[in-house]
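Note sheet for the following structure.
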Amino acid sequence: MGVEWVLVCHGLVTALVVVSFLCGRWPIFEGTFIQRIHYFLTFGFYDYFLRFVGAVFGAKGADAVLSVENFCCDRPNPLLQIIYLAIIGSTYYFVVKSCFAYIPGYYLGDFHRYTSFLAVAVGILLFLLTSFSDPGTVKAQNVSHYLSAYPYDNIIYEEKECSTCKILKPARSKHCSICDRCVARFDHHCGWMNNCIGEKNTRYFMAFLLWHFLLCMYGTVAIGLVLAGRLKELKVVYILTVYYGVENSFLDLAPHVVQWLLGSYNTQILLVVFLAIVAMLLAGFFGYHAKLCLSNTTTNETYKWQDYMDWQRKLKEAQASAEALKQSINGMTSEKRPVVSKWRSFFRRSPLEDVVVVKNNIYDKGFINNIWEVISPLSTRRTLTQTKLKSS
């Protein structure tokens, strides 16, 4: 029973860490230990570690840690790429070592030995495509091309020069401080890819997320079927009911079956839990980016739009407050003022409740055109090149 309890505790701790890290800033967890764990994981641990190093090794030790942080976080480096390859390679290795001995089995055919390898190979190929493809680097030689592809909306994008590259910044572009280049339709810099996600490789990035979600689900279901096949082939349910007198019902059999699986196939159970957790994380990340693609918005633009909407809301609230104050003063100075019921004035809507701020995204052309823009970037389309040649 010792191994079973260790596995249960491991699963609970893993779930707590994942939920705290991803959801600790949600309002529902405000003031709870989930929020405190999130703060510790994202800021507190590193801050305490830096202080500890400074106290033990002095300023030189702290500077060494900061230099490592600069290398890992503030400049291009292949560290996370190596970690990704190590994770996917070691996971597949453990799947082969622990599961291929039971394939073919009761529920799985022999072809899964080859389809699993093919699925992993396609995932690595998408990783390499996203990592080493051009995200849409804006240079002096092609800046006019991107200016034609992405006009300014004069809301969150206006004509301005990049202070680093000394060229006009096309709308929807951003200068990446890590890669030190301007990227068209900039979404974010992905450390796992050691590359920016921009106009030309968003399609590969989305395919990478979707494929790896399906890959994790495939692994979860396949290993589950391996375990189910072992239950069937070894007649575990029959032995429990006939020889041990366990009632033939799910509630009675489940604890005994789980105990047997944890004791006999703990590696496979850990793989199922790991792949299921990663699949859920990838599903959430893919869903978030899919929503952005459907509305033709980037991660970078969500912050710009949020700042703009907040500014517009405050401006309109100030205007509404000023207008309400003006009407109140005019009402006080008028000769005849109608009597207003206290109940009516109590339930009367505040002018601030009528303040509505509309997001006017000119780049949103309908979800079909938005998806097509991700699949076929504007700057690569022949029609845009022909139009540019005619105009010149």
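The values are calculated or read from the model by the stated rules, or taken from the named source; none is laboratory data. Computed from a predicted structure; not experimentally measured. When we count neighbours, we look across all protein chains shown, and the Cβ atoms used for this are built from the backbone with ideal geometry, even at glycine.
Kindly indicate whether any position in segment 143-160 is outside any helix (DSSP H, G or I) and of a type in the set (Gly, Ala, Ser).
No, the conditions are met nowhere in segment 143-160.
Identify the residue in segment 233-275 that is within 22 Å of ALA101 (Cβ to Cβ) and in a loop (DSSP other than H, G, I, E, B) and, among all such residues, is nearest to the chain's Cα centre (by Cα).
Per the criteria, the residue is TYR265.
With the condition kept exactly as written, say whether any residue in segment 149-171 is among the charged types (D, E, K, R) and surrounded by 15 or more Cβ atoms within 10 Å (Cβ to Cβ). Even if it seems obvious, please write down each step before you answer.
Applying the first criterion (among the charged types (D, E, K, R)) to segment 149-171 yields 153, 158-161, 166, 169.
Now restrict to residues that are surrounded by 15 or more Cβ atoms within 10 Å (Cβ to Cβ): 169.
Within segment 149-171, one or more residues are among the charged types (D, E, K, R) and surrounded by 15 or more Cβ atoms within 10 Å (Cβ to Cβ).
GLY44: surrounded by fewer than 12 Cβ atoms within 10 Å (Cβ to Cβ) and either more than 21 Å from ILE277 (Cα to Cα) or modelled with pLDDT of 85 or more (or both), yes or no?
no
Have a look at LEU118, LEU128 and point out the one that is under 17 Å from TYR204 (Cβ atoms) and either part of a helix (DSSP H, G or I) or among the basic types (Lys, Arg) (or both).
None of the others qualify; the one that does is LEU128.
Which pairs do you get when a residue that is assigned by TED's automatic domain parsing to the domain that holds GLY123, found in segment 87-112, comes within reach of a residue that is among the hydroxyl-bearing types (Ser, Thr, Tyr), reach meaning Cβ atoms under 6 angstrom, with the pair 6+ apart or on two chains?
Correct list of pairs: SER98/THR267.
Test LYS314 against the criterion of being in a helix (DSSP H, G or I) and in contact (Cβ under 8 Å) with a residue 12 or more places away in the chain, and give yes or no.
Considered against the rule, which asks whether it is in a helix (DSSP H, G or I) and in contact (Cβ under 8 Å) with a residue 12 or more places away in the chain, LYS314 comes out as no.
Of the conditions (1) out of contact with any His (no Cβ under 7 Å at 6 or more places or on another chain); (2) over 19 Å from ALA15 (Cβ atoms); (3) β-branched (Val, Ile, Thr), VAL272 satisfies every one except a single condition; which number is it?
(2)
So which residues in segment 289-300 are assigned to a helix (DSSP H, G or I) and in contact with a helix residue (DSSP H, G or I) (Cβ under 8 Å, 6 or more places away or on another chain), if there are any at all?
Hits for segment 289-300 are HIS289, ALA290, LEU292, CYS293, LEU294, THR299.
If I ask for residues that are at pLDDT below 95, among the β-branched types (Val, Ile, Thr) and under 17 Å from PRO377 (Cα atoms), which ones from segment 141-198 would you list?
VAL143
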